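Only one structure is covered here, and it is reproduced in the block below.
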Amino acid sequence: MAQKGGTSEEQRRRFEEEALPHLDALYTMAVRLARNSHDASDLVQETILRAYRFFDRFEQGTNCRAWLLTILFNNFRNGYRRSAREQPAGSPEEFERKIEAESLRPDSSNSNPETALSESGMEREVEAALDALPAEFREVLLLVDVQELSYQEISQVLNIPIGTVKSRVSRGRSMLREALTAYAKERGIIRS
Amino acid sequence: MDCGAYIAEFLTAHADGELSGEQLRLAEEHIRGCTECAQRLAEERALKAIVRERRGVIRTPPQVRGSILAALDAADRDAVAVRPRMPGMRRPMIRHLRWAAPLALAAVIAFVVVILNHRPAPAGEFPPFDAAIANYQRFQSNFAPNVPSGSPGEIADAYVNHKLPGYLWNFQPSGYKLVGGRLDQMSDGRMVTDTFYRADDGGTILCRFMTYQNLKLPPRDSGEPFGEHHMFTYRGYTICLSYLPTGKYICILVSGEPMKKFMQDISASEY
Ligand SMILES: [Zn+2]
């Protein structure tokens, strides 16, 4: 199974060293796709198990996170069935608040006041603008800005041409920009 | 290049770091001479920051992490045991459920600790820290020494025989007992030692030694300085990074304790 002829124990260790560090990244993406934490957990677990089974197909030296996200998106699109369970959080806003507590916000303590978001009505506007983006635009923005993948890697993850990635990023950001213009002017991000 | 061409063709890719060579040169040349487009580029980057800030990393809940590790163990067992079970017999689920619970509990505590003891994480990702944490998590339920571990001296000898530091921490003053040691080879070929400590209250510490050439580590002067050590809160764990005076080796300590408490343990102990 292991491409380097290792024992299964070595395979496991290699998997833990190379793939598991991306668990939080996968969970983050899964929560955004599934929009509830139960289904997100199932999706991540399925993804990890599949990746483990096919780990010999992972090309050493390439971006492991991109490879894992490819599996996650495939699982989400093909195998994933929205469960019959009730969604634990009703509205998108409630859902955001619920996972807010779980979020890592490494910049929040010393972030630039220009881009820092206050606990205000404006914050809700930002949330609304992000939620209003159609899925295909939201997905590429998450892949480029949160997952920090290159256009080439996103093209692999979503199985779309690289030109489409670029135009979706561009379009998605313009939509976001328009929606946030009023907000941004007020905060000084956009001067007019 | 005019502004229309810059915004239509270059702006997005420029903000995303997707330009190189001649294209990058042209884009930067335009930005230097055009304050309007420079402003647009700044806005594009601000939008990226907003997405990152509002849709940033969500920590995997400890119980999800625990059940994924348990599922991997189950997959390993299925791969090893080629159907020795009787027909119709169900998978031995009980075994991994039994340890998944304490594992999840330890992770819950580590998680709560982070919230109570919130410190900025080091910017970026550090695979050596990730690898140490992966082993630390795994050893909670299953630590199997692979070097003679009857006494600290035996462990130190085994490490030294593989040209690795023979230092061992003595955490006994803080209630930790030495469980044992492992020597393993990492995927890039370098050898690493893992020494594992456990306290009666269930707390654990992992100590790793390895060479640090070509490893992606935080900048030398980052983290919370603590004597010659550098303390970090990273993915919910407390990490103590030390560069050994001998040169090419580092020591990475991983603990689920809050940073302050772990610093007390380290002060009370010695190599
Ligand atoms: Zn211009």
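Could you tell me how many of the residues in the range B:54-80 are open to solvent by 30 Å² or more (accessible area, probe 1.4 Å), within 7 Å of chain A (Cβ to nearest Cβ) and more than 15 Å from A:L26 (Cβ to Cβ)?
4
Just to be sure, is B:V51 crowded, with 20+ Cβ neighbours inside 10 Å, under 18 Å from A:V140 (Cα atoms) and within 11 Å of chain A (Cβ to nearest Cβ)?
Considered against the rule, which asks whether it is crowded, with 20+ Cβ neighbours inside 10 Å, under 18 Å from A:V140 (Cα atoms) and within 11 Å of chain A (Cβ to nearest Cβ), B:V51 comes out as yes.
Among the residues of the range B:5-28, write down those that are more than 14 Å from chain A (Cβ to nearest Cβ) and not hydrophobic (A, V, I, L, M, F, W, C).
Across the range B:5-28, the qualifying residues are B:G21, B:E22, B:R25, B:E28.
Please go through (1) hydrophobic (A, V, I, L, M, F, W, C); (2) in a helix (DSSP H, G or I); (3) at pLDDT below 85; (4) surrounded by 15 or more Cβ atoms within 10 Å (Cβ to Cβ) for A:L176 and return the number of the only condition it doesn't satisfy.
If we test A:L176 against (1) hydrophobic (A, V, I, L, M, F, W, C); (2) in a helix (DSSP H, G or I); (3) at pLDDT below 85; (4) surrounded by 15 or more Cβ atoms within 10 Å (Cβ to Cβ), just (3) comes out false.
Just the residues that are crowded, with 22+ Cβ neighbours inside 10 Å and either within 17 Å of B:N170 (Cα to Cα) or among the hydrophobic types (A, V, I, L, M, F, W, C) (or both), please, taken from the range B:238-256.
Once the filter is applied, which keeps residues that are crowded, with 22+ Cβ neighbours inside 10 Å and either within 17 Å of B:N170 (Cα to Cα) or among the hydrophobic types (A, V, I, L, M, F, W, C) (or both), the range B:238-256 yields B:I239, B:C240, B:L241, B:I252, B:L253, B:V254, B:S255.
Looking only at the range B:216-237, decide whether some residue is touching a Phe, Trp or Tyr at 6+ places or on another chain (Cβ under 7 Å), aromatic (F, W, Y), more than 14 Å from chain A (Cβ to nearest Cβ) and surrounded by fewer than 19 Cβ atoms within 10 Å (Cβ to Cβ).
The answer is no, given that none of the residues of the range B:216-237 is touching a Phe, Trp or Tyr at 6+ places or on another chain (Cβ under 7 Å), aromatic (F, W, Y), more than 14 Å from chain A (Cβ to nearest Cβ) and surrounded by fewer than 19 Cβ atoms within 10 Å (Cβ to Cβ).
Among what's in the range A:1-24 and is more than 7 Å from chain B (Cβ to nearest Cβ) and open to solvent by less than 10 Å² (accessible area, probe 1.4 Å), pick the residue that is modelled with the lowest pLDDT.
Applying the filter and picking the extreme gives A:Q11.
Here are some residues: B:D16, B:D2. Which one is without any contact (Cβ under 8 Å) to a residue 60 or more places away in the chain, out of contact with any strand residue (DSSP E or B) (no Cβ under 7 Å at 6 or more places or on another chain), buried (at least 20 other Cβ atoms within 10 Å of the Cβ) and among the acidic types (D, E)?
So the residue among B:D16, B:D2 that is without any contact (Cβ under 8 Å) to a residue 60 or more places away in the chain, out of contact with any strand residue (DSSP E or B) (no Cβ under 7 Å at 6 or more places or on another chain), buried (at least 20 other Cβ atoms within 10 Å of the Cβ) and among the acidic types (D, E) is B:D16.
Does B:R40 fit the bill of being buried (at least 20 other Cβ atoms within 10 Å of the Cβ), closer than 20 Å to A:R171 by Cα and within 15 Å of the ligand (Cβ to nearest atom)?
Values: buried (at least 20 other Cβ atoms within 10 Å of the Cβ): yes; closer than 20 Å to A:R171 by Cα: yes; within 15 Å of the ligand (Cβ to nearest atom): yes.
It is true that B:R40 is buried (at least 20 other Cβ atoms within 10 Å of the Cβ), closer than 20 Å to A:R171 by Cα and within 15 Å of the ligand (Cβ to nearest atom).
For the range A:26-60, give me each residue that is among the small types (G, A, S), within 11 Å of another protein chain (Cβ to nearest Cβ) and either open to solvent by 10 Å² or more (accessible area, probe 1.4 Å) or farther than 19 Å from A:E153 by Cα (or both).
Selection gives A:S37, A:A40, A:S41.
In the range B:9-28, what residues are within 11 Å of the ligand (Cβ to nearest atom) and more than 20 Å from A:D145 (Cα to Cα)?
Here is the first cut: in the range B:9-28, the residues within 11 Å of the ligand (Cβ to nearest atom) are B:10-11, B:27.
Result: B:A27, single match.
Return yes or no: is B:F232 farther than 30 Å from B:G153 by Cβ and of a type in the set (F, W, Y)?
So B:F232 fits the description; yes.
What strands (runs of 3 or more DSSP E) lie completely within the range B:133-225 and have 3 or more residues being farther than 14 Å from B:I250 by Cα?
Where strands (runs of 3 or more DSSP E) fall fully within the range B:133-225 and carry at least 3 residues being farther than 14 Å from B:I250 by Cα, they are B:176-185, B:191-199.
The values are calculated or read from the model by the stated rules, or taken from the named source; none is laboratory data. Treat the numbers as computed from the prediction; the structure is a model and nothing was measured. Note that each Cβ is placed from the backbone with ideal geometry, even for glycine, and that neighbours are counted across all protein chains shown. The accessibility values were calculated without ligands, DNA or RNA, using every heavy atom of the protein model including side chains. Shrake-Rupley method; radii C 1.70, N 1.55, O 1.52, S 1.80 Å.
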